[in-house]
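Participant: This structure is in structure tokens; I'll ask about it shortly.
The values are calculated or read from the model by the stated rules, or taken from the named source; none is laboratory data. Note that the structure is predicted; figures quoted are calculated from it, not measured. Ideal geometry is used to build each Cβ from the backbone, glycine not excepted, and the neighbour counts take in all protein chains shown. Surface areas here come from the heavy atoms of the whole protein model, side chains and all, with no ligands, DNA or RNA. Shrake-Rupley method; radii C 1.70, N 1.55, O 1.52, S 1.80 Å.
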Amino acid sequence: MSEMALRNAALDIVTRVGENGGYSHLLINQTIEKRGLSDRDTSLLTEIVYGTVQRKDTLDYYITPFVKNKKKLKPWVLWLLYMSCYQMVYLERVPDHAIIHEAVEIAKKRGHKGIVSMVNGVLRSLQRNGVPSLDEIEDPIERVAIETSHPKWMVERWSNMYGLEETTRMCRKNLERPTMSVRVNTTRYTRAQVMETLQEDGFDVEASVLSPQGIIIFSGNILRHSIFHEGGVTVQDESSMLVAEMMDLQEGMHVLDSCSAPGGKSTHIAEKMNNTGQIASFDLHKKKVKLVAEKADQLGLTNISTAQADARHLPELIGAETFDRLLLDAPCSGLGVVRGKPDIKYSKTEDDIVSLSTIQKELLESVSSLMKKNGTLVYSTCTVDRQENEEVIQDFLNRHSEFEVDKDFFNDLPEDCKDLPGLSEWGLQLFPQDFDTDGFFLTRLKRK
């Protein structure tokens, strides 16, 4: 693909994400598949799109001094300026004159002479004068918000929860692209076998400390390797792998995964049980349930049954005290995964968190009745907000004196997790900066 065509494609994606609520990762994948991009073009497209969306508020701060009547600009023009500014500031390997030339050419094809002149003038002024200093921002919360391109309410909220220093570390980490990790299908291979195979094929890999099935991949395209296509590994974040590791699973158990799509945790549970026992995997959406079944089939797992259901109504379908182990991987704000899905941080509001916490409490209330007397329930989310995590657990335990946080949960954690700042009496909050993973919360409940 030509440089012009690639940047045009990138501009289409960032404009759709910014103005229409499109999902950056889905639009990038669609473009890659539709146009059959090379590895080089895929890398550059991904870098430009993710970087521009991830740093939108910072880029807006940088270009604002050079733009008159910014509010009157068409969305594509503003995103062209953001995209060009991102490349000029953060991509050293691309010379400024080439970035400006491409932006002007795009403006010529999409706009009139006035737009072309404005784009050229803004970018040349940026090149000549440099970006304004963030040190000019006096309010420390606002400075972190603009520096890391997070909404100010979010930075303030997290600062109240965790302190400004921890929040700043988290926000800065959220600007980095996540490292890929995979989970070995232990019904077919050992981790050592997979790591040896990948290393022989030129991959740079490392064993995960959070899961004995996990492998971190620093270089190498696992999605094109035969071991991925034959179901030998599953792409999964390390923090997500920790969930099944903390369920204390044994062969032959009856397990519930109440919100299971797209199936990463259900299939991990099945692998840890060596394809024995029974796993009932439910999800609210019928199309997503199909994804779970397809994933199980790809991995050769036969102990998973799938069905569509609202987990809040499962007690109406299933008898009480049915399951040895339960997983409630609750729907959440997703604020722990903004590195891979940067659009999330701009679309969520505090009202969304309040609404989601209500749903999470309802789900926990419902599925807890399905636990056998000597069973356990793991609650998890991929967010870093206490209202969706610790406060949901506190609320449940305040209303159900017969339950408690399983003390053995803390003993069973990997050694590297036992002194983390996110550890509390209610469970473990993983921050992205802890292990270079997604932000994630998990805990384990049992009857007293």
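Participant: Out of the residues in the stretch 361-396 meeting the condition of being hydroxyl-bearing (Ser, Thr, Tyr) and over 20 Å from the mean Cα position of the chain (by Cα), tell me which one is farthest from Tyr50 (Cα to Cα).
Facilitator: Here is the first cut: in the stretch 361-396, the residues hydroxyl-bearing (Ser, Thr, Tyr) are 366, 368-369, 376, 379-381, 383.
Now drop any that are not over 20 Å from the mean Cα position of the chain (by Cα), which leaves 366, 368-369, 376.
Details: Ser366: 38, Ser368: 39, Ser369: 42, Thr376: 39 Å.
Among those that are hydroxyl-bearing (Ser, Thr, Tyr) and over 20 Å from the mean Cα position of the chain (by Cα), it is Ser369.
Participant: Applying the selection to the stretch 205-224, what residues are farther than 20 Å from Leu299 by Cα, in contact with a helix residue (DSSP H, G or I) (Cβ under 9 Å, 6 or more places away or on another chain) and either small (Gly, Ala, Ser) or open to solvent by 50 Å² or more (accessible area, probe 1.4 Å) (or both)?
Facilitator: Glu206, Ala207, Ser208, Val209, Gly220
Participant: What are the pairs with Cβ atoms under 6 angstrom where one residue, in the stretch 342-360, is under 30 Å from Ile48 (Cβ atoms) and the other, located anywhere, is in a helix (DSSP H, G or I) and among the polar types (S, T, N, Q)? Sequence gap at least six, or different chains.
Facilitator: Cβ pairs passing all conditions: Pro342/Gln54; Asp343/Ser24.
Participant: Of the residues Leu73, Leu45, only one is in contact with a helix residue (DSSP H, G or I) (Cβ under 7 Å, 6 or more places away or on another chain) and of a type outside the set (Ser, Thr, Tyr); which?
Facilitator: Leu45
Participant: Among the residues of the stretch 278-292, what is the count of those that are crowded, with 19+ Cβ neighbours inside 10 Å and either part of a helix (DSSP H, G or I) or not aliphatic (A, V, I, L, M) (or both)? First the steps, then the outcome.
Facilitator: Here is the first cut: in the stretch 278-292, the ones crowded, with 19+ Cβ neighbours inside 10 Å are 279-283, 289, 292.
Imposing the further condition that a residue be either part of a helix (DSSP H, G or I) or not aliphatic (A, V, I, L, M) (or both) reduces the set to 281-283, 289, 292.
Total satisfying the criteria: 5.
Participant: Let me ask something additional. Please name all residue pairs, on different chains or six or more residues apart, with Cβ atoms under 6 Å, provided the first residue is in the stretch 396-412 and is under 12 Å from Thr443 (Cα atoms) and the second residue is open to solvent by 50 Å² or more (accessible area, probe 1.4 Å).
Facilitator: Partner pairs satisfying both residue conditions: Glu404/Lys448; Asp406/Lys446.
Participant: Among (1) surrounded by 14 or more Cβ atoms within 10 Å (Cβ to Cβ); (2) at pLDDT below 95, there is one condition Gly114 misses while meeting the rest; what is its number?
Facilitator: (1)
Participant: I would also like to ask the following. Can you confirm whether the stretch 337-358 contains a residue that is open to solvent by 30 Å² or more (accessible area, probe 1.4 Å), assigned to a strand (DSSP E or B) and over 18 Å from Thr443 (Cα atoms)?
Facilitator: Scanning the stretch 337-358, I find no residue that is open to solvent by 30 Å² or more (accessible area, probe 1.4 Å), assigned to a strand (DSSP E or B) and over 18 Å from Thr443 (Cα atoms), so the answer is no.
Participant: Right, something else. Where in the stretch 125-242 are the helices (runs of 4 or more DSSP H), entirely inside, with at least 1 residues that are closer than 15 Å to Phe435 by Cα and touching a residue at least 60 places away in the same chain (Cβ under 8 Å)?
Facilitator: Ranges flagged: 164-173.
Participant: Out of the residues in the stretch 228-257 that are β-branched (Val, Ile, Thr) and open to solvent by less than 10 Å² (accessible area, probe 1.4 Å), which is farthest from the chain's Cα centre (by Cα)?
Facilitator: Val255
Participant: If you scan the stretch 300-336, which residues turn out to be hydrophobic (A, V, I, L, M, F, W, C) and in a helix (DSSP H, G or I)?
Facilitator: Hits for the stretch 300-336 are Ala311, Leu314.
Participant: Any idea how many residues of the stretch 360-385 are over 20 Å from Gln429 (Cα atoms) and β-branched (Val, Ile, Thr)?
Facilitator: Qualifying residue count for the region: 1.
Participant: Can you pull out the residues in the stretch 241-282 that are of a type in the set (S, T, N, Q) and more than 21 Å from Gln360 (Cα to Cα)?
Facilitator: Matches in the stretch 241-282: Gln250, Thr267, Asn274, Asn275, Thr276, Gln278.
Participant: A follow-up question, please. For the stretch 364-448, which fully contained helices (runs of 4 or more DSSP H) count at least 1 residues that are within 24 Å of Glu156 (Cβ to Cβ), at pLDDT 95 or above and open to solvent by 30 Å² or more (accessible area, probe 1.4 Å)?
Facilitator: So the answer is 390-399, 432-435.
Participant: Can we say Arg128 is modelled with pLDDT of 95 or more and out of contact with any His (no Cβ under 6 Å at 6 or more places or on another chain)?
Facilitator: So Arg128 fits the description; yes.
Participant: I'm checking my understanding of the structure. Among residues of the stretch 206-227 that are among the hydrophobic types (A, V, I, L, M, F, W, C) and within 19 Å of the chain's Cα centre (by Cα), which one is nearest to Lys373 (Cα to Cα)?
Facilitator: So the residue we want is Leu210.
Participant: Another one. Looking at the stretch 63-103 only, could you name the residues that are among the β-branched types (Val, Ile, Thr) and at pLDDT below 90?
Facilitator: Across the stretch 63-103, the qualifying residue is only Val94.
Participant: Condition check: open to solvent by less than 30 Å² (accessible area, probe 1.4 Å), basic (Lys, Arg) and either more than 26 Å from His25 (Cα to Cα) or modelled with pLDDT of 95 or more (or both). Does Arg312 satisfy that? Steps first, answer last, please.
Facilitator: On the way: open to solvent by less than 30 Å² (accessible area, probe 1.4 Å): no; basic (Lys, Arg): yes; either more than 26 Å from His25 (Cα to Cα) or modelled with pLDDT of 95 or more (or both): yes.
It is false that Arg312 is open to solvent by less than 30 Å² (accessible area, probe 1.4 Å), basic (Lys, Arg) and either more than 26 Å from His25 (Cα to Cα) or modelled with pLDDT of 95 or more (or both).
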